[in-house]
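Chemist: Let me give you the structure first, and then I'll get to my questions.
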Amino acid sequence: MPALCRDCLEMFDEGRRCPVCRSPRVTSHPELFDLSIAHMDCDAFYASVEKRDNPELRDKPVIIGGGRRGVVSTACYIARIKGVRSAMPMFQALKLCPEAVVVRGRMDTYVEVSKQIRQMMEEMTPSIEPLSLDEAFLDLTGTARAHGRPPAIMLARLVKRMREEIGITGSIGLSHNKFLAKIASDLDKPRGFSVIGAAETLDFLSDKPVRLIWGIGAVGQASLNKAGIQTFSDLQRWEREALHDRFGSMGERLWHLARGEDHRSVKRDRAVKGISNETTFHDDIASIDLLDGHIWRMSEKVAGRLKAKGIAGRTVTLKLKRADFKLITRRTTLPDATQTADRIYNTARALFDRMDHPSPYRLLGVGVADLIPADQADREGNLLDPQEAARLKAERATDAIRERFGADAILKGRALR
């Protein structure tokens, strides 16, 4: 059976240890050197970056997130053993793991590390579909001739380079389609390398829970369970038409996935649907002035990301969560797209002013959607606000100064609230 050593990249026949370096980190599979669709997922990415940059955290449980009123962005594996999970309220995470070190995220640093990993991927294949900063699909079909090695070896080399050159570990899932590759990457974390071959697909899926299907949340799982579907074998017993009648267009997708069929290609450029920024307050806020300051800061951050990507958007969204956890979302569509903080802020603030405010808020967010290229943005003037053109000109001048002298070179007064 074909095998590879993930430490020295030696290829050999099946064995428990590498015959060259004696490493036990061996992956073997009948189809190992025939498969070419992969999913790479970094291991607890944000926490790994923090531990890399601060060795004192290496053996401690680390949670990335805000204060006690925030939520967990991610947690290292030591904290996960205690039950800490992403998106968990921070107060709950700290009850489970009171000894954890809570670190506020450094998004700029994570983005830079992600770019380094992406560059390594680019050297392997142009067919890369990022899902987030720390994970991506890769299609290495036809690359063996260029590299002189099968895709499995190049993938093992990728995570080896990530560990040695960047100090970040990752797990690989290798299969014959995206659905199975993503499942495989999560089978043996951290530092895993799992393979699901075409010949074993049905047997592999048979006893697995349907929650493994990407995009099936709690509501979807409850709906499937109500229909008596808990495992893939349950799903495989349903006729295609019956699934469609019960679940609509989702039923068609379920029928194919139950058999391990996924015909989606790895798409290099996935369209960005929206840009947003939100924050959970340490204490509930009722002050309109303080909330106004947060709306401005969120608008500036969203505008900065739009400008960095060279895009703009027509729809502005304001998101608020009250102290009683009631979530409120308001949105409006502009006559033309924008990427400026001034227009985003004024639109979001207008949405805010049209709402009642009976209780304090624990979360606020601002977002922009309906994205288009930036050269098509901010063309129409505002007849109801003749000063807008002057403010937009001032904002562009501010951007130029910040680019030259740093982000804190100029601050608006409302940003200090």
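The values are calculated or read from the model by the stated rules, or taken from the named source; none is laboratory data. Predicted model, so just to flag it, every value in this text is computed and none were measured. Here the Cβ positions follow ideal geometry from the backbone for every residue, glycine too, while neighbour counts run over all protein chains shown. Remember, those area values only see protein heavy atoms, side chains included, never the ligands or the DNA or RNA. Shrake-Rupley method; radii C 1.70, N 1.55, O 1.52, S 1.80 Å.
Chemist: Along the Cα→Cβ direction, 7 angstrom out, place labels at A146 and K326. What is the inter-label distance in nm?
Modeler: 5.6 nm
Chemist: Also, quick follow-up: Quick one: dipole size for the chain, taken about the Cα centre, charges +1 on Lys/Arg Cβ and -1 on Asp/Glu Cβ, in debye to the nearest 20. Numbers along the way, then the final one.
Modeler: Numbers: 67 positive and 57 negative charges, 169 e Å.
The calculated dipole for the chain is roughly 820 debye.
Chemist: Compute log10 of I(q)/I(0) for region 167-325 with the Debye formula, placing one identical point scatterer on every Cα and leaving out solvent, at q = 0.13 Å⁻¹, to two decimals.
Modeler: Each listed q corresponds, in turn, to -0.89.
Chemist: Using a 1.4 Å probe and ignoring any ligands, DNA or RNA, find the accessible area of E122 and quote it in Å² to the nearest 10.
Modeler: Roughly 60 Å² of E122 is accessible to a 1.4 Å probe.
Chemist: Share of region 143-250's accessible area from carbon and sulfur, percent, 1.4 Å?
Modeler: Roughly 47 percent of what the probe reaches on region 143-250 is carbon or sulfur.
Chemist: So which cysteines of the chain have no other cysteine's Cβ under 4.7 Å from theirs?
Modeler: Cysteines lacking a close Cβ partner in the chain: C42, C76, C97.
Chemist: To the nearest 20 debye, what charge dipole does region 183-332 have about its Cα centre, counting +1 at the Cβ of each Lys and Arg and -1 at the Cβ of each Asp and Glu?
Modeler: Working: 27 positive and 20 negative charges, 151 e Å.
Magnitude of the dipole: close to 720 debye.
Chemist: Still on this structure, I have one more. Report, to the nearest 10°, how far helix 288-309 tilts away from the longest principal axis of the Cα atoms in the chain, using its own Cα long axis and a range of 0 to 90°.
Modeler: Rounded to the nearest ten degrees, it is 50.
Chemist: Still on this structure, I have one more. Can you give me the three principal axis dimensions of the chain from its C-alpha atoms, in Å, biggest first?
Modeler: Computed over the chain, the largest-to-smallest principal extents equal 74, 54, 48 Å.
Chemist: Nothing charged except the Cβ atoms of Lys and Arg (+1) and of Asp and Glu (-1): what's the magnitude of the dipole of region 24-146 about its Cα centre? Round to the nearest 20 debye.
Modeler: Details: 16 positive and 17 negative charges, 163 e Å.
So the magnitude is around 780 debye.
Chemist: Report, in deg cm²/dmol and to the nearest 500, the calculated mean residue ellipticity at 222 nm for the chain, where each DSSP H run with n ≥ 4 adds -39500 (n - 2.57) and the sum is divided by the residue count.
Modeler: It comes out at -10500 deg cm²/dmol, rounded to the nearest 500.
Chemist: Sticking with this one: At 7 Å along Cα-to-Cβ for each site, give me the label-to-label distance between S233 and A87 in nm.
Modeler: Reported label-point gap for S233 and A87 is 2.9 nm.
Chemist: To the nearest 10 degrees, how steep is helix 151-161 against the longest Cα principal axis of the chain, on a 0 to 90 scale?
Modeler: 60 degrees
Chemist: Would you work out which of A136, V366, L57 lies farthest towards the positive end of the dipole of the chain, given +1 charges on the beta-carbon of Lys and Arg and -1 on that of Asp and Glu, about the Cα centre?
Modeler: Sorting the options by dipole projection puts first L57.
Chemist: Kindly provide the trypsin sites (Lys or Arg not before Pro) of region 102-173 that DSSP labels as loop, not H, G, I, E or B, and whose Cβ sees at most 13 other Cβ atoms within 10 Å.
Modeler: Values: sites: R104, R106, K115, R118, R145, R157, K160, R161, R163; in loops: R104, R106.
The qualifying sites are R104.
Chemist: First compute the accessible area of region 326-369 with a 1.4 Å probe, then give the percent of it belonging to carbon and sulfur atoms.
Modeler: That share works out to 46 percent.
Chemist: Run through all the Cα pairs of region 132-234 and give the fraction in each 10 Å bin from 0, expressed as whole percent.
Modeler: Pairs per bin, as whole percents: 14, 38, 31, 14, 4, 0.
Chemist: Suppose all protein chains stay in the model; what accessible area per residue would a 1.4 Å probe give for the chain, in Å²? Could the numbers behind the result be given before it?
Modeler: Working: 21580 Å² over 417 residues.
Accessible surface, normalised per residue, equals 52 Å².
Chemist: Moving to a separate point now. Using a 1.4 Å probe over the heavy atoms of the protein chains, calculate the carbon and sulfur portion of the accessible area of region 1-52 as a whole percent.
Modeler: Carbon plus sulfur share of accessible area: 46 percent.
Chemist: Sticking with the crude label model, points 7 Å out along Cα→Cβ, report the distance from D356 to E164 in nm, one decimal please.
Modeler: Placing both labels 7 Å beyond Cα along the Cβ direction yields 6.5 nm.
Chemist: Name the residue from C42, A100, V195 whose Cα lies farthest towards the positive end of the charge dipole of the chain, charges +1 on Cβ of Lys and Arg and -1 on Cβ of Asp and Glu.
Modeler: A100
Chemist: Probe 1.4 Å, all protein chains in place: accessible area of F12 in Å², nearest 10?
Modeler: Here the accessible area works out near 30 Å².
Chemist: Which entries in the list K60/K189; K226/K273; K115/K267; K51/K321; K115/K160 go over 22 Å, if you measure between the two C-alpha atoms of each?
Modeler: Cα-Cα > 22 Å for K226/K273; K51/K321; rest within.
Chemist: Taking H placed 1.01 Å from N in the peptide plane, check which residues at least 5 places from V72 or on another chain put their amide H under 5 Å from its amide H.
Modeler: Those qualifying (amide H under 5 Å, at least 5 residues apart or on another chain) are A87, M88, M90.
Chemist: Follow-up. Over what distance in Å are the Cα centres of region 1-78 and region 310-330 separated?
Modeler: 36 Å
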